[in-house]
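Colleague: This is the structure, below, for whatever I ask next.
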Amino acid sequence: MANGQWYPPEWPARIRALADGSLTPVPPRRAATVMLLRDGGAAGPAVHLLRRRTAMAFAGGAYAYPGGGVDPRDADPAPAVRWAGPSRAAWAARLGVDGPTAQAIVCAAVRETFEESGVLLAGPDPHTVVGDTTGDDWEADRAALVAREQTFAEFLGRRGLVLRGDLLAAWTRWITPEFEPKRYDTWFFVAALPAGQRTRNASTEADRTVWARPEDAVAGYERGEYLMMPPTVATLRQLLPYASAAEVLAAAANRDLTPVLARARITDGGEVVLSWPGHEEFTKRIAADAGVTRPDPAEPASQEPVPADPASAGRTPSDPKDPA
């Protein structure tokens, strides 16, 4: 394999089934994911990645960001979510949805980041952020959120916390291809790691987490060492020009949120051509008789390896000395 790109072996058959009408696309479920950043001096910002357990049926072994599905209860007006930063109307306009849906998406971004990394973008008031969230009482609340035993609004209200929407910025939006059995309409956000907080592997779906500079993660992908799905690789590449988390957050305001949706076509010779508009590097051609993927001739060659970030190499969140 020329890189660490994730392509399930069942895709060719599903694509052909979609083309001949024997497969009906399932509606995508709304989701949110967060690219959590921390500054690393002259080396630029690092991004927090988790690796999905290899035994998982979907994208096992692939690196991704903390995130998950929207909880419809987060759209309810009662109990009200205590809110700081851009208004719900402003978020609705930015995300291209109505007010309640915007609230649920932003809540999902903050809640899933807490559920999967232990980082909470909330504070006692609109100008502060909670500190250490690693105690037993925080873990009990996190577990209750994961089990959906309490809503995010209930959690914030009981602790007297305000959701800090101003610490988030929308970056991009991807929709799972129509031929996939599970589909998500996912908004990608960026946020800086709050002072005093640290990430940990709180997700039951991940077997390790790392902090990595985007260029190192991309190089690892191109060497075939980091397995990733197209949205992860694309967003990592988009982070490359920025020297700090603040620069990334400032740039987010001008980002286009038009959804990226894969296209698949079958040539007269029976070859499947799979592509993502605007992201030509992911184009794959699947031979009619082989059912396997091969790189598109136009796909750029792999880059030379670059040194790994020593702050993330070989570390796991179980190491108390590493805030990863």
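Colleague: I want to confirm something. Restricting to region 203-240 and keeping residues that are in a loop (DSSP other than H, G, I, E, B) and either among the polar types (S, T, N, Q) or modelled with pLDDT under 95 (or both), which single residue is surrounded by the fewest Cβ atoms within 10 Å (Cβ to Cβ)?
Modeller: T204
Colleague: Let me spell it out: the conditions are (1) over 30 Å from E225 (Cα atoms); (2) touching a strand residue (DSSP E or B) at 6+ places or on another chain (Cβ under 7 Å); (3) in contact (Cβ under 8 Å) with a residue 60 or more places away in the chain, and Y65 meets all of them except one. Which number is the exception?
Modeller: The one condition Y65 does not meet is (1).
Colleague: Give region 117-144 a look and list any residue that's of a type in the set (S, T, Y) and more than 25 Å from E205 (Cα to Cα), or say none.
Modeller: T128
Colleague: Spot the failing condition for D125; the list is (1) in a loop (DSSP other than H, G, I, E, B); (2) open to solvent by less than 10 Å² (accessible area, probe 1.4 Å), and only one is missed.
Modeller: Tallying (1) in a loop (DSSP other than H, G, I, E, B); (2) open to solvent by less than 10 Å² (accessible area, probe 1.4 Å), D125 fails exactly one: (2).
Colleague: Kindly indicate the residue of region 126-176 that is in contact with a strand residue (DSSP E or B) (Cβ under 9 Å, 6 or more places away or on another chain) and among the hydroxyl-bearing types (S, T, Y) and also nearest to P194 (Cα to Cα) among those meeting that condition.
Modeller: Going through the qualifying residues, I end up with T128.
This table checks each residue for (1) touching a Pro at 6+ places or on another chain (Cβ under 8 Å); (2) modelled with pLDDT of 95 or more; (3) surrounded by fewer than 15 Cβ atoms within 10 Å (Cβ to Cβ); (4) more than 30 Å from P124 (Cβ to Cβ).
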{"site": "R52", "(1), (2), (3), (4)": "no, no, no, yes"}
{"site": "G60", "(1), (2), (3), (4)": "no, no, no, yes"}
{"site": "G67", "(1), (2), (3), (4)": "no, no, no, no"}
{"site": "P77", "(1), (2), (3), (4)": "yes, no, yes, no"}
{"site": "V97", "(1), (2), (3), (4)": "no, yes, no, no"}
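Colleague: Kindly indicate which of R73, R38 is modelled with pLDDT of 95 or more, open to solvent by 20 Å² or more (accessible area, probe 1.4 Å) and more than 21 Å from L257 (Cβ to Cβ).
Modeller: Step by step, each of R73, R38 is checked, and only R38 is modelled with pLDDT of 95 or more, open to solvent by 20 Å² or more (accessible area, probe 1.4 Å) and more than 21 Å from L257 (Cβ to Cβ).
Colleague: Within region 135-160, track down each residue that is over 14 Å from R111 (Cβ atoms) and open to solvent by less than 50 Å² (accessible area, probe 1.4 Å).
Modeller: G135, G160
Colleague: While we're on this one: Quick check, is A245 closer than 22 Å to E112 by Cα, over 16 Å from the mean Cα position of the chain (by Cα) and touching a residue at least 12 places away in the same chain (Cβ under 8 Å)?
Modeller: It is true that A245 is closer than 22 Å to E112 by Cα, over 16 Å from the mean Cα position of the chain (by Cα) and touching a residue at least 12 places away in the same chain (Cβ under 8 Å).
The values are calculated or read from the model by the stated rules, or taken from the named source; none is laboratory data. Just so it is clear, the structure is predicted and the values come from calculations on it, not from any experiment. Glycine also receives a Cβ, built like all others from the backbone with ideal geometry; neighbour counts cover every protein chain displayed. These area figures cover heavy atoms from the full protein model, side chains too; ligands, DNA and RNA do not enter into them. Shrake-Rupley method; radii C 1.70, N 1.55, O 1.52, S 1.80 Å.
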